[in-house]
Each structure stands twice: as structure tokens, then as C-alpha cells.
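Contents: one structure, followed by commentary.
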Amino acid sequence: MNPFEMMKNLGNMKEQLQQAQSKLVDITASGSSGGNMVKVTLNGRFEIENIELDPICVDNRDVPMLQDLIKAAHHAALANLQEQIKLEMGPMFANLNIPGMS
């Protein structure tokens, strides 16, 4: 895109970014690990909304395993959230050539 055209479209870009930010509030994604024993849900701002633990994985003799399961579920939720954001916001930013958004 020509830099002069981009300058002309700054107002439009600002409006698109504000729309994108408001949509992010409504996007959520979950990830799980350990055969769904641990589930983590994130919102569009990458904040943890919820953590679900199957009582079977809460064993005070194996805390490191539970920590690993939580990290793995969080990682899966992040990947799912990034994919949802790409699907939701990609078309909006297709003409702007933003890496990872087209």
C-alpha cells in the first residue's frame, strides 16, 4: 500500500482498530490437557477467565504434574485464542498487510 494512501485512510484504520478492540472482549477460547482433566479458558485480552480441574488430578503428592497440566492447558488455550482472533479479525485487516493477520 502506498504511504500517501495510508495517510488518507488513517481515520478509517482508527475506526477499524476500535471495532477490533470491542470484538476482542467477546472472544473466548479454551484449552485442555491430561485428557480434559485440566481446562483453561481465556478471553480476547489473553486473560484467564476460568480454570477447571478434575478432582482426580488434585493429588498433593504430585503437584509438579498438576502444574505441568495447567501450563499445557494454558498453552493450548492461547493457540486456540490466537486462531479465533485470526479468523475473526483477519478479514478486517486483510488490506493492511499486517503480519499474521491475513
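With contacts taken as Cα pairs under 8 Å at a separation of at least 6 residues, the chain carries a relative contact order of 26 percent.
Residue separation of HIS75 and ASP62 scaled by 0.36 nm, minus their Cα-Cα distance, works out to 2.6 nm of gained length. Report summary: the helix-based calculation at 222 nm, which adds -39500 (n - 2.57) for every DSSP H run with n ≥ 4 and divides by the residues of the chain, gives -17000 deg cm²/dmol. The lysines whose alpha-carbon is closer than 26 Å to the alpha-carbon of LYS8, local same-chain residues fewer than 8 away aside, are LYS23, LYS86. Distance between the 7 Å Cα→Cβ label points at VAL25 and GLU47: 1.1 nm. Taking the accessible area of the chain, probe 1.4 Å, and keeping the other protein chains in place, the carbon and sulfur fraction comes to 54%. Solvent-accessible surface of segment 23-66, taken per residue with a 1.4 Å probe and all protein chains present: 64 Å². Across the options GLN82, GLN16, ILE48, the greatest Cα extent toward the positive end of the charge dipole of the chain (unit charges at beta carbon of Lys, Arg, Asp, Glu) belongs to GLN16. Lys and Arg at +1, Asp and Glu at -1: add these up for the other residues within a Cβ distance under 14 Å of LEU53 and post the number. Around LEU53, the charge tally is -3.
Among the trypsin sites (Lys or Arg not before Pro) found in segment 15-79, those both in a DSSP coil and sparsely packed, with 16 or fewer other Cβ atoms within 10 Å of their Cβ, are ARG45, ARG61.
The values are calculated or read from the model by the stated rules, or taken from the named source; none is laboratory data. Source: prediction; values computed, not measured. Cβ coordinates were reconstructed from backbone atoms using ideal geometry, including for glycine residues, and neighbour counts include every protein chain displayed. When the accessible area is computed, the model is the full protein with side chains, heavy atoms only, and any ligands, DNA or RNA have been set aside. Shrake-Rupley method; radii C 1.70, N 1.55, O 1.52, S 1.80 Å.
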